[in-house]
Amino acid sequence: MAAFGLEDVFQCGETGPKIKSDDNDDRDDHDYGNYDDAPYPLEISPKALCAWATLARNRLIRSDEMNEQNNAPIECIKVLRAMFGSYNTVFPLQFNDGVCWALKVPQSAAKDTFDASAAYSLTSEARTLLVLEKQTTIPVPHVYSFQSNRDNEIQCPYILTNLINGTPLPRAWFDLSAPEDMLEKRRMQTLQDLAQAMIQLSKFTFSRSGCPEFNSQGRISSVGPIRTWDIAASSIPRSTEDDRANEDEDEDEEEEEEEEEEEEEEEEEEEEEEEEEEEEEDDEDVMCDLGPFDNPTPYILSLFNRRDPTPDPFCIGTYKLLGLFIEWVSELEEYEDGGFVLSHPDLGMQNILVTEDGKISGIVDWEGAAVVPKCLGNLRYPSFLTSEWDPRTYGRIPSGADEESKLENSQEELQMFREVYCKMIGKLLGPTGNECTKWTRRSLVIERLKMAADNPNSTHEIIYRVFEGIKQSSPKPLALDGEDLLLHDIADKLAEGSITEGTLEVIKCGFLRLCDSV
């Protein structure tokens, strides 16, 4: 495996638009690539950003907060290639002594959509990192400062942290150059460290689900609304009055044809301009505030309940089946007794950095960290161990993907890794381990149901995968009165309201069996 260094963190492909800068800026030292589609929220030049970082670090040194003993002048000498995520841009700042910081800024600041809710979420993220660093050994970024408004030197909301050194987990997990025994040992080390980190979040338990709120001592004291992405609202195309009016423009077609043709050409040009404007609007992510919640079920259904009704019978039936699955989850033993726990929002490989031997050096991207039901909380499987339960992405390699992106574990490997991770959780928890790990096992199905409820693009395929899981986990064919139960037939009958209680009972028993058997 190649040596692990800062370059492992910075490699992001073709990323980074050029920040607005002075004509005298040295572009050789400030390379941002050419990525015109990503908004960039900074108004100051790279040179000014370096000067600001230099001032910020020297302030901390003088205040003894850095605990540094270096008499040499400290200066930020370079802004390295920017890293772009879905909602934020990270600008790595390199100092002359080799230290690197990370300036994380929300992309919404460039689009003037950074509102009070976004400011609340940024503050919660920064304070959550401070709490985790102080009260756990989880390797999170160290927060030097943060601002949730534009009233600061860089005129932009931000979180300023150290830049954690390490290799993104996908590269280490699928390292084809490593001997098989070394790769296996590295993977086990990563899973062990991740389990050790996640169980520490169990100390942050509450009676409600929501976004952490903090008291004057910096401790989590309560929860408020969760700011989240409304996927359905973001993906629904908006119709216009012109679109609806066009449906009625079939009268008097034979009159004044020449004049109408000229008018139509003008209208087409106007419509094209309007469509371009609408496409830009439709590209905007719709954010919403949800909760707090006193019960797990409303939390799981929070985004699903915001969807518009669908006229398609099969969709109606599928949605009803999803609702039944979530209703039946509430009948699992101790479902409502577990409370709510602070959790990382996305335990994907991309948010984990490791050393060469697989030890976790950093867990990043805590934006959206929330207090959630324990059945979806800190003891759940990390998403990279459940990837085969997302038919939308598993086994489907995007065109143009690099070699690393083409790698994935087989279903048998993922099952084995889940068993290992579950045992690690149980062992670390001690006497209560076996009791707690049932929610680790159940999280495989419950988390996918949450994804199906949140994302209309995943609903049908996940419901199909769960239904297939019910059939596979059943000791005998899933049937009633000698007839096999088929998903399409069940969806149609649910939509019609003609499904029998006997059929529902067969499906329900199979579903509850699946939750405790995977």
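Every number in this text was worked out from the coordinates using simple rules, so none of it is lab data. Here the structure is a predicted model, which means the values were calculated and not measured. Don't worry about glycine lacking a Cβ; one is built from the backbone with ideal geometry, like all the others, and counts go over all protein chains shown.
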Review point. For the pair Arg219 and Ala119, how long in nm is the line joining their label points, each one 7 Å along Cα→Cβ?
Key: 2.8 nm
**Study point:** Positive minus negative residues near Cys422 (Lys, Arg vs Asp, Glu; Cβ under 13 Å)
**Key:** +4
Exercise for review: Place a label point 7 angstrom from the Cα of Ser517 along the Cα-to-Cβ direction, then list the residues of region 424-451 whose backbone nitrogen is under 18 Å away.
Suggested key: 438-439, 441-446
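Arrange the following residues from fewest to most other Cβ atoms within 10 Å of their Cβ: Cys76, Cys375, Cys436, Cys288. Walk me through the numbers before you get to the answer.
Numbers: Cys76 24, Cys375 29, Cys436 18, Cys288 15.
By the 10 Å Cβ count, ascending: Cys288, Cys436, Cys76, Cys375.
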Point to revise | Inter-site label distance for Leu480 and Ser145 at 7 Å from Cα along Cβ, in nm | key: 6.5 nm
Study note, to complete from the structure: Amide H proximity to Tyr144 below 5 Å, modelled H, separation 5+ or other chain, gives Leu160, Thr161, Asn162
Practice item. Any chance you could run the full-extension gain for Gln200 through Asn457? It's 0.36 nm times the residue separation minus the Cα-Cα distance, nm to one decimal. Key: 89.1 nm
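Starting with the fewest neighbours, write out Glu388, Glu412 ranked by other beta-carbon atoms found within 10 Å of each beta-carbon. It would help to have the intermediate numbers written out before the result.
Working: Glu388 18, Glu412 9.
So the ranking, lowest neighbour count to highest, is Glu412, Glu388.
How high is the FRET efficiency from Leu60 to Asn434, r the C-beta distance, R0 56 Å, rounded to 0.05?
Values: r = 46 Å, r/R0 = 0.83.
Efficiency for this residue pair is about 0.75.
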Study note, to complete from the structure: Once Lys and Arg are counted +1 and Asp and Glu -1 for all other residues with Cβ under 13 Å from that of Leu183, the total becomes -3
Practice item. Mark the label point 7 Å from the Cα of Thr136 along Cα→Cβ and return the residues of region 361-391 whose backbone N is within less than 16 Å of it. Key: 361-383
Practice item. Take Lys359, project a point 7 Å from its Cα along the Cβ direction, then tell me which residues of region 142-172 have their backbone nitrogen under 15 Å from it. Key: 165-167
Check your understanding: Roughly what would the spin-label model give for Asp112 and Cys509, points 7 Å off Cα along C-beta, in nm?
Key -> 6.2 nm
Exercise for review: Return the long-range amide H neighbours of Ile226 (sequence gap of 5 or more, or a different chain), with a cut-off of under 5 Å between placed amide H atoms.
Suggested key: Cys211, Leu290, Gly291
